[in-house]
Each structure stands twice: as C-alpha cells, then as structure tokens.
1. Determine which single condition B:Lys287 fails, assuming it passes every other condition in (1) crowded, with 19+ Cβ neighbours inside 10 Å; (2) modelled with pLDDT of 75 or more; (3) outside any helix (DSSP H, G or I).
2. Give the range B:619-658 a look and list any residue that's within 14 Å of another protein chain (Cβ to nearest Cβ) and at pLDDT below 80, or say none.
3. Go through the range B:262-289 and count every residue that is charged (D, E, K, R) and in contact (Cβ under 8 Å) with a residue 24 or more places away in the chain.
4. In the range A:123-143, is there at least one residue being polar (S, T, N, Q) and either within 12 Å of another protein chain (Cβ to nearest Cβ) or within 30 Å of A:Thr223 (Cβ to Cβ) (or both)?
5. Kindly evaluate B:Val257 against the criterion of being surrounded by fewer than 19 Cβ atoms within 10 Å (Cβ to Cβ) and at pLDDT below 80.
6. Here are B:Lys80, B:Lys110: which of them is closer than 21 Å to B:Tyr133 by Cβ, surrounded by fewer than 13 Cβ atoms within 10 Å (Cβ to Cβ) and among the basic types (Lys, Arg)?
7. Name the residue, out of A:Gly55, A:Gly114, that is more than 7 Å from chain B (Cβ to nearest Cβ), more than 18 Å from the chain's Cα centre (by Cα) and not in a helix (DSSP H, G or I).
Amino acid sequence: MEFLTVEHISKQYGKGETQVNALDDVSFTIPKGQMAAIIGPSGSGKSTLLHILGGVDRPTSGKVYLDGQDVFAQNNKNLAIFRRRQVGLIYQFYNLIPVLSAVENITLPVIMDGRKPDREYLSRLLELLNLSDRKDHLPSQLSGGQQQRVSIGRALFTSPSIILADEPTGNLDSKNSAEIVNLLRNSNREFKQTMIIITHDDSIALQCDRIITIADGKITNDTMNTQA
Amino acid sequence: MKFERLLARRYIIAQKRHSLLTVCSIAIAVALMSMMFCLYTTYHEVKRNQAYDDIPGHFVIYNITEEQENLLREMPEIEKITRTDGENGWTKSYVTVNRNIEEEMDFINKMKQKASLVTDTDSETPVQYNINYNLLELDLLTDMARYKLAVEFALFFVLAIVLAFLLRLVIDTAFEISSKERERQFGVLQSIGATPKQIVRIVTAEGLYLSAVGVPLGGLLGILLGFITFRIVLSTGVAELLFDSPEKVSRYVRYSVKPSMLLIGVVIGFVWVMFSAYGTGMRVIKKTPVEAITSRANTVKKIRRFSISGLLFGWIGKLAHRNARRQKKRFVITILSLTVSLLFFAAFGTVMDKAEVVIRGSRYELDAFGYIQTDFNLTLMTDEQKLESGEKAIKEMEDSGLFSDFEYYKLRFGSIKDDNGTGQGLGVNVFYINSGLYDRIFRYIDKPMSYKEFQEYGKALTFNAPKSFLQEKQDTVKCTISEAYYNYEGENIISENDNPENENATVKSNGVIIIKKEAEYPIGMNIVSVNTSSYTNPADLILLLPISQYEADGEKYGFSDLGYMDFNEIRCNLKKGADYHKALEYFNTNMNNLSVMIDSYGLMQNASTVIAAVRTLAMVLNLMIALIAVVNMINIISTGILNRKSELASMQCTGMTRGQMYRLVTIECLQFVLYSAIIASIFACLLVYGTDRFIEFLFGQEENFLTGDPAGNVFRQINEGASSIVSYGIPLAKIWLAAIPAFLAAMIASILPLRRMQKESLIDQIRSVE
C-alpha cells in the first residue's frame, strides 16, 4: 500500500538564463511505515524535495499524494493544517522557538491545533527523548543534541503520518548523532511512522530501509537496504 | 579604510529601503533637537525684546546734562546713550552697556563718580535712575545674570539630554534594523578575514554617510517645525499679552534661529548617530563569525511564565507576551514613552480644562467683597460724587445695553470710640451697599432679611465682630468717620460744608486735611462672630448699611461726597462677551466719569489665552514625545519581526496558519498599546485626583472673611463643580481614543514586514538564517 506518491515533480528557481532546475521530473512512492534516506551531493535538490514533500514549498509542476490526498490541491490555510497534523519536520538547525520551554516547543503544534496535549503521551515521549529533567528549560539552556531531541519531539508529538528530517545530525557530534538516529529508528518502529531522512552520512543511510540517491535534481539510484 | 567605505556605500545603495528608514530616523531625531533649540532661542529673543520695549537700555538716567552724558560716553563699558525728552520737561538718557559690569549698583556708582551725578534726595537737583534688570540679565551683563542664565541653561539642557536619549533610541533601532539583516554578511566577512575593527568601521562609515544626508535634512526640518510651532503658539494671541500693540508684536515677536544654538542641536544629533553606529558595530562583532552566520534570533535566557495576554488570548497571547519581552529594555522604554505621550495628551489637557474652570469659577465664587467676581470694577469719577451720581451712572450704563448685574457701594473708613470716648478706637469700614451687592454678600449665608427690610431696619449689620464687643456695644455704637481733602493752594474748597476751617479738622499735613465727623450706628446683628475677647485688626470690622442711609447721613452729619479716603465703586457684568471691546470703548468715552479699576473679563480672557498658549506648547511637546514613542514602537515591532523571520517561518512549517500568525502579531501590538493605556489611565486618575487635592491644599488654609469658612470650602465647591464638568472619565476616554492610532501604527509596522516576508517562500525565510 503506497502511502506517499510523488508524481513528476519539478522545481525551477529563477527565469531565463539564471533558471535553475532544482528538481527535474522526480517520481517515486513510499509505503506506510518505511524509513527512507535521501542522499546526494550538495545542491542536488534533496532539501527542495523534502520541503515539497512536507508542503512547505510548492513544486513548479507535478503532484504529491499523501495517503491519497493531493497535498497541493489545498489552499494555504489547509496546507498549514496539513503540515500541523500530517507532517513532522526536523531541521538541521532545530528551529525551536527561543521563548518557549522544551515541553512548550514539543506541544506547540497540538496547541496551535486548538487541542489539549495528551499528558500521558507527552511524558512517554519525554522519557523516550530523555528530556524529562530538561523539559522546562529554554532552547538556549539546552545542548545541541538536546535541542535536536526537542525538535524531534515536536515532530513526533502530533503523531504525524510522515516525518521529514533534513540532515538531523548535521550539526551534532558523533555521539549525539548516534543517539538521534537511534531515536528516529525506534520511533519509526514504535509508532510505525513513515520517515524520510536527508543525510550526507552513509552510516545513517545504511540504517534506513531504503536509500534514494539524487543528483542534479533527478533520482539516480533507488535501492532497498536489506541490512537495516 | 577604503574597503570599509566602499562596502558601507554598497550596503547603503543595496538596502535602499533600510537606508531611507535610517535617514528618516536621523532626520526626525535631529529635527526635534534643532526645533527645541530654535524655540528656546526664539523665547529668549522675545523675552529680550520685551525687556527692551519696557526700557530701551540697560539703565535710564533722568535729567542729566549733555556734558554729563558726554562724560559717561567715555566709559569703556558704555556702548551708547540715547536721549529723549519726557513729560514735564524731564529728559531720559538710556544707557546701553556692552560688557559684563559685574554688579549693577557698583556700575551706577561708577557712573555717578564719572559724571558727578548727585542722587541724594535732599539735594536740590537729585538725579534719578532706573535699572532694566531684565535686559541686563538677558544680555548677560552682570555676574548674577550669568549665574541665573547658567541655571536656566542647565535646566534646559537636562530636558534636552532626556530628549536626546529618547531620540538616540530612534536612531539606534534604525541602525539595528539595517545591521540585523546583514548580520550574516558581517559573519561571512569576519570568517574570510575581516577584523572586528573593520566591521565596526563599516557600520560607522555607514553612519557617517547617512548622517551626511540625515543631519542637515534634520536641521532644516527642525527650523521649519520650530517655525510652524511658533506660528501655532502665536495664533493663540499670547503675543498680544506681552506687547500692547500689534505693531510691537510684529516688530518684536519674531522667530529667530541662532546658528550657534542650531549647531549645538545638530552636533548632538550627529554625535548620537555616530554613537549608535558604533554601538551597533560593537554589538555585531560580539558574535563569532559562526554565530553570526548561523545565528538564531535573540537568544532567550529567562522568561516569565504567567501573563495576562496568555490568560486573555490563550497560547498565542502567551507567545506574544514572551516575544514582546525579548528586548526587555526596549519594550520598557517604548511602553514608557508611549505612556508619557498618552498621559500628556489626555491628562494634561484635562488638568488644564480643570484649571480653567477653577480659575473662572473662583472668580465668581470667592469671598463676597472679592474684586474679580464681576466683569468690571469701576470707580466713580464724577465731579459730583453724590449718591445720585452712582445711580445716575448705573442708569446710563443700563441704557447703553451693554451691561447688567449692577452693584454699587460707597465705603467710608473710620473708628469706633472706646467707652470713655477717648483713645484709638476700633477700626471700621462702613459699606453703604445697594441691593445687588447685598444679594451677593448673602450668597453663602442665610439672608437675615430682604434688602427692602434692611432699608427700613435702621441699624447696621456687622461682620467678624468679637462676641464681647457685641455684648457691650450692641445698639450703642458711635462711629468717627474721617474725611480727607487735598487743599489745593489758591483754589476754592469744594463746598462750604466741607470747609477745612471746620473745627473738627485735626490733621493738616502736605496739603491734605483730615476732618473727623461722628455718626451713630446702632448694630442690629452680627453675621459672623469671632471667638476672641479682644479685637485688634482695625480694618476688618465691617458695618453694612443700605445705600439709602448714605444720603440721610450726609445731611445729618455733614458728610461730603468728595472724601479723599472714601471710595465709590460700581461693579457690573457684560451682557454679551462679544461686546467686550464696545464696553472698553464706552469706558474710554466716559472716562471722566468712570475709571476701570479692574477689568476682570479681560484678565480672564488673558488667562484663557495663556492657558491656550501653554496647551499649544504642551501639545507640540506631546507630539514630539508621541512621535518618538510611535517611531520607537514601529522600529521595535518591525525589528522584532525581522529578527524572528526564520522562527515565524518554522512555526508556519510546523502548522501555524497565516491567520494565527497575524493574530500573534496583533496581540504583540496590542500589548504595547494596552499596557501603555492602562498605566496612563492609572496615572491620569492620580494626576486629576492630585490636582484636586493640590487645589484644596493651596486654598484650604485661608479663611473667607465673610463666611468665616476656610476658603478651601469655597474652592472645594468650585472644584467639585469642575469635577462634574471635567470628570475622570474625560482623560480615560481621551487616553483610549489616542491609543487607537498608536495601535494602528503598530499594526502597520507589523503587517508591512510580514507581507514582505510572505513574498518569500518559507524555505527562503528559514534559510535566511541557516
């Protein structure tokens, strides 16, 4: 059962001579619960693809279906609600809200949705993220690894259908990187969430079920990883 | 320095909008500063002109010879002497000096010595002189003047420095906005080898270039703004109060720009710009290149978890509350300046309204014999100051159709003899009053009888007589009325009845003859008794008698109507305020009969003019504060949004809708205005309450001599009356009304950068930091 379907996605920046094709007719599908890695050199279009998959950026052409729903057929408001409920985004630089504590950052999407955070789930998640004793700290009072864990917590808390991580360990040391990857892997297994991770790190890619390679805006290789 | 200047120029051109904002901020700051200095110079110049108009010289010496003048001219301190012929053959020599004379009396002595001037009054030809202290002071020609001016300057500079610090914020924020967007570029520059000093130089050079446009522009704008303010203040008519003719107003009341003062304003502005630029540069280099390149928006170290906004608006309110306090110092300063502006706008106006009502009210409500209750107090000047002439004058005035509410009294001074009929008696003022004044006197205390009954009563009423006096003297008071005349040599005494050869004429000195005549006035009742056994103040015992008694007494005791010590007064009101100038004309044409003693209507008009001028000046000051507050608020809000560009984008990535984002910034704006309006409202109530208490304190101490009540009681009544006209609700309503444009300005300041940001994709917004 295909959960994510990407059909002929293209993305161009600029016009005329300065036009850049960030993505060029990219198509693939991802079944529910799969953890996929997207690798490729810098400027290959990985982040652009990820942002399009998350409904953060719109493609120049092509369609993205998530659980059968045409993502870009929605207006901006519904697209925001879609991101809030269906997508969990993790950035390399965390992008946490500096005025909110760890726990407030994690629960923000749910609060934005006008719902009350599930306290039981929150404490489970905090435990999983090993943040129970740092939950009331502000981002500036947390280490890089802890901030990234908060960012993962924020992505997981709404129990989204898909988690998109843009080089989640790019800003972390090897110990913290290993912890984060384990966390994502465990989360994928425990919550059966579909996950796409952009990475430069082969060791991370090798832990994923599938590895998609992009170069010059095109998929050049798409292999299942049996070692994962 | 070449590369720094080049980069600074490129940045200015590349960031046109920011450069324009910074130039505008610099221009506004410098303009306000220069305007203040120009208005201060103008105020000084007008004050000097007024002093010069009073006496066109630093000293005026009367009746000196031309030889003496020439001797004085030899003194190095004297610039010029202008001689004019005065009345009665007197000459006036106006002496103008050109350097510090240290002490004016020493200089007078020097002049006396130099020109052998004799000022001794026993001398046959004493020389009189006058010192124009105001002009000496304004021209800084004495040590004391320099000291006074130094104090005045110090006060003015304190005000200017306070304003300068507020303005510094405006410039500062403008620089911060433009540098914030380039923080990453500065980081990159540092990472490729630019030293922190070079980065500071780039920002400082930028400040220099922008000042080159902004500072002169601000200086010119300041002159223009000052001129507009000057014209607006003049339109209140305040100049006509200082000078007695329109010709003098146009000659002396001029807007003046002193280059040195203007330069001070401009230099302060320029120094502030450079400080701001340098400060911004120093802030930029505090970050390491990596921090600058990858920096998060404002690192937050501490937050307050409880907030009213959170209670009212939920999580968005909570977020807005925390966002607004990221730059706590700026938040507080913006709230303060906005509060002061709102408070000034609303409460000051209300306090002035109240002051006007109290001033006008007190005129009508103070003691019954007060001199400013009616529009005009007139002295009767007819050759025949008989009782009928007062009535005649009133009749004529009534016929003119201009006046109403006539009051008339004749006052005679005298004493009451002791029991043994000798010695200094108790002083007494006998008021023969008409029905109008009778009614006014008994405005606050019960009328003992109607005026008609009073006329038939045949006895006097007293005020403030001691109890013991009443017990002893009721029904048996004998007054000795003193009459005095000028005995002009060679002229007939006015009437046979008042012949100074009269045996009762007791004092003859300096041409004034005082004649004492006795009259008996039985006292019917005392209106307000005083609880003292002895009564020593002769002026305060008052006997009231109907005016009809005067004629009878004149015939009975031989009183004349021309007593030098007597007093005839008519009081009246204008029927219509618009007829004020007609009334003055009427008095002018009848000046042989009537002399205007007090023109209360004119005084009140003048008071209103002064209040209007103060209001206008306050309004200009208020506009300045409001402008600073609003520009600051706009800057702080737009900087805040620009600083949080990636943060807002990431919130949208996490699912925040545009509506939620707009709600967030709306609440952020609302917070500024709401907090300021609440604080301003509290202070406004305290200010109005304080004014009430202050008025009571000021006037609560003295006694109203008629009612025996503290005058404060009367003022309390007026004040309470004023409170019903000028209620607490007025400043509150004004504050909240004024808060609306501030809120709109804040919203515009938020929406514009938000809309601009939304033209970029969320990715670009996030990447702007990453």
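1. Checking B:Lys287 against (1) crowded, with 19+ Cβ neighbours inside 10 Å; (2) modelled with pLDDT of 75 or more; (3) outside any helix (DSSP H, G or I), the one that fails is (1).
2. Listed by number, the residues that qualify are B:Gly640, B:Asn643.
3. Step one: filter the range B:262-289 for residues charged (D, E, K, R), giving B:283, B:286-287.
From the residues that got through so far, the ones that are in contact (Cβ under 8 Å) with a residue 24 or more places away in the chain too are B:283, B:287.
Final tally of qualifying residues: 2.
4. Residues of the range A:123-143 polar (S, T, N, Q): A:123, A:130, A:132, A:140-141, A:143.
Then drop every residue that is not either within 12 Å of another protein chain (Cβ to nearest Cβ) or within 30 Å of A:Thr223 (Cβ to Cβ) (or both), which leaves A:140-141.
The answer is yes, given that some residue of the range A:123-143 is polar (S, T, N, Q) and either within 12 Å of another protein chain (Cβ to nearest Cβ) or within 30 Å of A:Thr223 (Cβ to Cβ) (or both).
5. Judged against the criteria, B:Val257 is not a match.
6. Working: B:Lys110 fails: surrounded by fewer than 13 Cβ atoms within 10 Å (Cβ to Cβ).
That would be B:Lys80, the only listed residue that is closer than 21 Å to B:Tyr133 by Cβ, surrounded by fewer than 13 Cβ atoms within 10 Å (Cβ to Cβ) and among the basic types (Lys, Arg).
7. Details: A:Gly55 fails: more than 18 Å from the chain's Cα centre (by Cα).
One residue alone meets the criteria, A:Gly114.
Results for (1) surrounded by 19 or more Cβ atoms within 10 Å (Cβ to Cβ); (2) modelled with pLDDT under 80; (3) more than 8 Å from chain A (Cβ to nearest Cβ), shown as yes or no for each residue.
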{"position": "B:Arg283", "(1), (2), (3)": "no, no, yes"}
{"position": "B:Ile293", "(1), (2), (3)": "no, yes, yes"}
{"position": "B:Asn298", "(1), (2), (3)": "no, yes, no"}
{"position": "B:Arg305", "(1), (2), (3)": "no, yes, yes"}
{"position": "B:Ala320", "(1), (2), (3)": "yes, no, yes"}
{"position": "B:Gln327", "(1), (2), (3)": "no, yes, yes"}
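The values are calculated or read from the model by the stated rules, or taken from the named source; none is laboratory data. Since we're looking at a predicted model, the values are computed, not measured. Because the Cβ atoms are built from the backbone with ideal geometry, glycine has one as well, and the counts that use them run over all protein chains shown.
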